[in-house]
């Protein structure tokens with residue numbers, strides 16, 4: 001009998017970090033916030049008005065982005081201003097916004113507009129899914 005060994009490959013730390021950053025950006029509000037901050041720092045109140053995101057939701061998503069290292073803050077009296085954390089973050093966000101034609105300079109996209117912009121990228125690809133997943137009661141996803 002031949003002894004079989006199974007190799008386990010582990011992602012390098014850089015790949016793990018990159019995957020974490022993309023996971024942070026996977027929510028439309030968080031991506032919208034980052035694209036908005038490309039134009040410079042902004043307060044929570046200004047972002048609430050500019051982006052149309054209610055303050056509790058906005059604060060929750062800002063906290064996730066800040067804790068994930070994508071945003072930095074400064075306080076001026078009672079007002080907290082948010083900005084992209086560094087030039088690498090800004091470059092990455094600008095690239096994402098450019099690739100998906102996301103522009104917040106005129107009016108913010110609705111939450112539904114972001115997935116539509118993303119789906120346009122895949123319209124020209126040859127990706128197809130054989131079966132639709134089914135969600136069962138305990139929220140695990142299984143194939144039919």
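Every number in this text was worked out from the coordinates using simple rules, so none of it is lab data. Quick caveat: nothing in here was measured; it's all calculated off a predicted structure. Don't worry about glycine lacking a Cβ; one is built from the backbone with ideal geometry, like all the others, and counts go over all protein chains shown.
Given 0.36 nm per residue, what is the gain on full extension from residue 90 to residue 55 after removing their alpha carbon distance, in nm? If you can, show how the numbers build up before the last one.
Details: separation 35, 0.36 × 35 = 12.60 nm, distance 2.36 nm.
Additional length available on full extension: 10.2 nm.
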Label-to-label distance, nm, for residues given as residue 43 and residue 18 (7 Å Cα→Cβ offset): 3.9 nm
Run a plain Debye calculation on segment 14-103 (Cα atoms as equal point scatterers, no solvent) and give log10 I(q)/I(0) at q = 0.12, 0.14, 0.23 Å⁻¹, rounded to two decimals, same order as the q list. -0.33, -0.45, -1.24
Cβ-Cβ FRET estimate between residue 10 and residue 74, R0 fixed at 25 Å, reported to 0.05: 0.10
